[in-house]
Amino acid sequence: MSAVSYYTAEGLKKLREELDYLKSVARPKASQDIADARDKGDLSENAEYDAAKEAQGLLEMRIAKLEEVHSNARLIDESQLDMSKALVLSNVKIKNQSNGLEMKYTLVAESEADLKTGKISVTSPIGRGLLGKSVGDVAEITVPNGVLKFEVLEISR
């Protein structure tokens, strides 16, 4: 049994779209590729057929995995979250105390993390260190390079 994972509305929508695409577009294409390869003759020496069957197997594994994730996905109710602390879906502005650099991150579930867009996972070292902190708190976070100290400047939704 898989663990429950929490999603924003946007993240859950992306998961559903990928699953729908794989089922409605990729699966029929994989079947067609197998049929085309089968039509080319002797299956015992047909590398194209073997490759198409393997690709279909990988696709079916991906679909099964996404269906399992989707069945265990829970939508986060933002109205129930405490606004005074850094929690999932919080926008947190922090200041690195060693170099004065300010950064702003959105804390999200692991499945939605994307550093390019400023979304960090609550299971990452920084995300885990910020959870439960309030404005003015200093988070001491152990990272591979040592210990970093971040002051929480602002929390918003």
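Summary of computed values
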| quantity | calculated |
| --- | --- |
| Test: VAL143 is open to solvent by less than 40 Å² (accessible area, probe 1.4 Å), farther than 30 Å from ALA26 by Cβ and without any contact (Cβ under 8 Å) to a residue 24 or more places away in the chain | yes |
| Leading residue by the ranking (nearest to the chain's Cα centre (by Cα)) among those in region 89-118 that are at pLDDT 90 or above and among the charged types (D, E, K, R) | LYS116 |
| Single residue of region 120-140 satisfying the filter (touching a Lys or Arg at 6+ places or on another chain (Cβ under 9 Å) and part of a strand (DSSP E or B)) that is most open to solvent (accessible area, probe 1.4 Å) | GLU140 |
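The values are calculated or read from the model by the stated rules, or taken from the named source; none is laboratory data. Worth saying up front: this structure is predicted, and the values here are computed from it rather than measured. Note that we place each Cβ from the backbone using ideal geometry, even for glycine, and neighbour counts take in every protein chain shown. Calculation scope for accessible area: heavy atoms of the full protein, side chains included, ligands and nucleic acids excluded. Shrake-Rupley method; radii C 1.70, N 1.55, O 1.52, S 1.80 Å.
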